[in-house]
Amino acid sequence: MSNVSDRIGFLERGLDMSDALKPAVHPTAGETSERTAEVVFDLQQLSVLYGDFRAVRDGTLQIRDQQITAFIGPSGCGKTTMLRCFNRMNDFIPTARVEGKVLYHGVDLYDPAVNSTEVRRRIGMVFQKPNPFPKSIYDNVAYGPRLLGVKKRSQLDEVVERSLQGAALWDEVKDRLKESGLGLSGGQQQRLCIARAIAVEPDVILMDEPCSALDPIATGRIEELMAEMKTDYTIVIVTHNMQQAARVSDRTAFFTTEINPDSDRRTGILVEYDRTDKIFSNPADQRTEDYVTGRFG
Amino acid sequence: MRLLFQGAAITTMVISALIFFVLARGAISFLVQIDWDLSKLSDTGWFPRRERFDLRTIIVGSVIMGSVAMLVAVPLGLGVAVYLSEYARPGVRRVLKPIIEVLAGVPSVIVGYFVLRFIAPDLVANIFQPTNVRNMLAAGIGIGILVIPIMASISEDALRAVPDALREASYGVGARKVTTVTKVVIPGAISGLVAAFIIATSRAIGETMVATMAGGFDGSGPFTGYSPLESGLTMTAAMTNAVGGTDQDVGGASFEVLYFVGMLLFLITITLNVFGDRLVKRIRHRY
Amino acid sequence: MALMTPSRAGEAAAETVRAGITKKDRDVAGIAMLIGLLLAMILTLLALFALLAQVVSESASLLSARGLDFVTSPIGSDPDKIGIWSGLFGTIVIGVMVLVVAIPMGVAAAIYLEEYAHHESRLNRMIMVNIRNLAGVPAVIYGVLGFIIFTQWLSPITGGKSAIAAGLTMAVLVLPIVVITSMEAIRAVPSGLRDAGYGVGASRWETIRDHVLPYAAPGILTGTVLSIARALGEAAPLIIIGAVTGLLPETSLTGFFSAVPILIFQWTGRSQPPNSEFAFTESAAAAGLVLLIIVFFFNAAAIYLRNRFERKRSGQ
């Protein structure tokens, strides 16, 4: 797989990367995927507020196509909050609002003309806890395609099979598609949720700590799956698990919290965003180094 | 202390036993009074003083008024529940929910008054031109108004018991709100919604004052068929009317039919409630 | 794509994406749904407001003409002179009986079921199921029970068809509600609080008295208040046990009795005698207004208590 050799290339040349906070604007020679891969998300000074409380502030970073980007950091640092801006899931929290911009292929997602439902069809999400519908495995996967108006049984069968294969679940469930999705194991449920997300053929998949409720073996399956899915999707994953970020991601953003002097509440900030190998081997910021070496958090 | 508390808990069992005993004893006494002549229970119409106790008359009356009530209460109660649980902003909900609870607190006798003074003469009579201003449609609407808050509150609990994770999952694949509500939330809450329906039905059948005041017959009447525009008699109205005035003779079949009908009503409502309760529990276990 | 420069590729992609995600398709089903739900909400509110408007408008002239006289006059046959005093007396007795009989007993049963009983034991499970069933038994059937037990079996104590008998019947009627709401309130007490009590060597009863009940008190009070409101508004059981609207001693605990809901029931059905200024239905409306004010007062108190209680909890 080409992206594997890319990654090895990164590791070899890792130390002489230029300042990654302006990634790929002036790419280093030889960084083919960095240079040609499109910028999918371009965050400009993004803050999320709940009422008057600023949960996370000044997120500026770019996320590129066909890469896995990991958000790491201690609890409460706003990484999930920021992730949920990428497909406007924060819309459902009545007090939440954003400042700054989230450009998706150059289009501001919070532009009033943007149809948030269409956004979510293109930018899928996998959640922290597996949340299959209390429906059959088949109906879980077919839910999205049916929304898009696919009615023909043969077409649906095809999408369901393809999606379950894409989520590496097909072989385990192909004989019991009519059984409830809730009857699967935790890891299988999460892969079912991934199948449900990819059934609408999104461009991007957001994963909010997808393995936090799973055992190590199930986690391993999901991680393998992510590496395979990378060729087709842009993936952004929030994780508590630093090893996971190091194993699966191409780029990593480290968030932390700072105590707001006025209110004693914690606001999340983006500390550093760079290639994963650099974040873990030679971070630019002391706070990142403290976190990845386990001295903090 | 413990014994005292346990005594109080066991008293509730005693109450149930007494209800059953009192009704069963009275029902048997009634049957003895009519010499076990069961044909009297299917005679024409409900004329207790002439010993004609056509059960069909009062059961059909209860079913018609109960059905009208549920036709009012299901769409309105469910609509209120879905609105409050899924659509209303927290501020709006904080205002509307107590208002619905106020409606739940309106005594049924006042709803009976409201039916006789407004719904029957000004609404039903103007639109449908029934033969009698007091009819089963008007009474049924009144019972429906009484039952809306029960329907709404149990349904809302069921809807809110559906985890947000499922709503998010639906939005996450690009579903709209209406799709999420109809395809995920309502199916997820279905057993609770059915329970709300069953418990509300039980309440509608057991509702007494509106049926007594607005049903149209004062204690006796013929079987009027299945049109809600006719006057009718419910089981509950038959019971209050059996007691009649203030100085009635206790005893005699026309009085003791009270127990027989009470037993019937008790068995019907208890069956519905047990069934509804099971469903409520099922939704609690699910999530 | 590799042949395009990143910026050109980006612009082209931005165009297609923009076209895709700014698609304006009207959400017809969503709008229809919202209209339907709002309609249900509005019709429900309308029913409530129409009811209130009817009661207020029909009682207005009578109450403005007679004022407090209507509250303090006894019942009778002249609609220009009648009042609700006799009924109010019965209603107050019912409220007091519920307070002194149903509340202590219901709370005691709830304490037993939540704090002492083994939840797995067959007997206790039966008690629980039974209480839920009792809560669903129609009020009119409690009337039959009260008629036999309180006006016949216990007539030496209650005096037969009396306000005491009515109060006891209503106490039995609301008992399951008191038990269920009190159990919910007690169940909401964090178990850490109990451990804190046992941890300093308190007995079970001391722990309940000093830690559990104070914490659960607002919730229990809410249920209590609601059950009193329910008891004051019920009419059907009173008809069965023999409430009267004719002549009766004004304030007797053990003699003939009436209650405000009974007056409303009777007056609503009575036609206006000739030569009288007011109709019986106006008296019914006025009595209804008084009853609504009483019941709403209790309901409002319950809602207020519950909101304060919830806010306190969420603040912790």
Here are the criteria: (1) crowded, with 24+ Cβ neighbours inside 10 Å; (2) within 13 Å of chain C (Cβ to nearest Cβ); (3) closer than 29 Å to A:P130 by Cβ. Tell me which single one B:G172 does not satisfy. (2)
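Let's see how each residue does on (1) away from chain B (no Cβ under 12 Å); (2) more than 21 Å from the chain's Cα centre (by Cα); (3) at negative phi:
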{"site": "C:M126", "(1), (2), (3)": "no, yes, yes"}
{"site": "C:L134", "(1), (2), (3)": "no, no, yes"}
{"site": "C:P138", "(1), (2), (3)": "no, no, yes"}
{"site": "C:Q152", "(1), (2), (3)": "no, yes, yes"}
{"site": "C:T158", "(1), (2), (3)": "yes, yes, yes"}
{"site": "C:G167", "(1), (2), (3)": "yes, no, yes"}
Look at C:V107 and say whether it is touching a residue at least 12 places away in the same chain (Cβ under 8 Å), among the aliphatic types (A, V, I, L, M), closer than 30 Å to B:A238 by Cα and buried (at least 23 other Cβ atoms within 10 Å of the Cβ). no
Taking the residues in the stretch C:144-179 that are outside any helix (DSSP H, G or I) and of a type outside the set (D, E, K, R) as candidates, determine which candidate is surrounded by the most Cβ atoms within 10 Å (Cβ to Cβ). C:S162
Quick check: is even one residue across the stretch B:189-197 within 22 Å of B:A88 (Cα to Cα) and either of a type in the set (D, E) or more than 24 Å from the chain's Cα centre (by Cα) (or both)? no
Would you be able to say whether some residue in the stretch B:66-81 is more than 9 Å from every other protein chain (Cβ to nearest Cβ) and more than 26 Å from B:R203 (Cα to Cα)? no
Condition check: away from chain B (no Cβ under 13 Å) and crowded, with 22+ Cβ neighbours inside 10 Å. Does C:A196 satisfy that? no
I'd like to check something: does the stretch B:77-84 contain any residue that is among the β-branched types (V, I, T) and assigned to a helix (DSSP H, G or I)? yes
Under 6 Å between Cβ atoms, at least 6 apart or on separate chains: pull out the pairs that start in the stretch A:150-176 with a residue that is touching a residue at least 60 places away in the same chain (Cβ under 8 Å) and end on any residue that is surrounded by 13 or more Cβ atoms within 10 Å (Cβ to Cβ) and not hydroxyl-bearing (S, T, Y). A:G166/A:I198; A:A168/A:L225
Could you please find all residues in the stretch A:217-246 being without any contact (Cβ under 8 Å) to a residue 12 or more places away in the chain and within 17 Å of A:L169 (Cα to Cα)? A:G220
Here the residues within the stretch B:1-15 that are more than 7 Å from chain C (Cβ to nearest Cβ) and of a type in the set (G, A, S) are B:G7
Please state which of the following conditions B:V95 fails to meet, knowing it meets all the rest: (1) buried (at least 22 other Cβ atoms within 10 Å of the Cβ); (2) assigned to a helix (DSSP H, G or I); (3) more than 7 Å from every other protein chain (Cβ to nearest Cβ). (1)
Filter the stretch A:235-266 down to the residues that are more than 14 Å from the chain's Cα centre (by Cα) and aliphatic (A, V, I, L, M), then identify the one that is modelled with the highest pLDDT. A:A246
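Matching residues to (1) away from chain B (no Cβ under 14 Å); (2) more than 21 Å from the chain's Cα centre (by Cα); (3) modelled with pLDDT under 90:
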residue: C:F49; (1), (2), (3): no, no, no
residue: C:Q54; (1), (2), (3): no, yes, no
residue: C:S59; (1), (2), (3): no, yes, no
residue: C:L63; (1), (2), (3): yes, yes, no
residue: C:D78; (1), (2), (3): yes, yes, yes
residue: C:S86; (1), (2), (3): no, yes, yes
Reported set for the stretch C:199-230 where residues are closer than 30 Å to B:Y259 by Cα and either more than 10 Å from every other protein chain (Cβ to nearest Cβ) or in a loop (DSSP other than H, G, I, E, B) (or both) is C:S227, C:I228
What is the residue count in the stretch B:16-37 for residues that are touching a helix residue (DSSP H, G or I) at 6+ places or on another chain (Cβ under 8 Å), more than 8 Å from chain C (Cβ to nearest Cβ) and more than 30 Å from C:V107 (Cβ to Cβ)? 8
Which residue out of B:S67, B:S85, B:S42 is polar (S, T, N, Q) and without any contact (Cβ under 8 Å) to a residue 40 or more places away in the chain? B:S42
Show me the helices (runs of 4 or more DSSP H) found entirely inside the stretch B:181-249 where at least 2 residues are more than 10 Å from chain C (Cβ to nearest Cβ). B:190-206
For the stretch B:117-138, name all the residues that are under 20 Å from C:F280 (Cβ atoms), assigned to a helix (DSSP H, G or I) and under 24 Å from the mean Cα position of the chain (by Cα). B:R117, B:F118, B:I119, B:A120, B:P121, B:A138
From B:A152, B:A139, B:A165, residue being of a type in the set (A, V, I, L, M), more than 9 Å from chain C (Cβ to nearest Cβ) and surrounded by 20 or more Cβ atoms within 10 Å (Cβ to Cβ): B:A139
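The values are calculated or read from the model by the stated rules, or taken from the named source; none is laboratory data. This is a predicted model, so every value here is computed, not measured. Every residue, glycine as well, gets a Cβ built from its backbone with ideal geometry; the counts of neighbours run over all protein chains shown.
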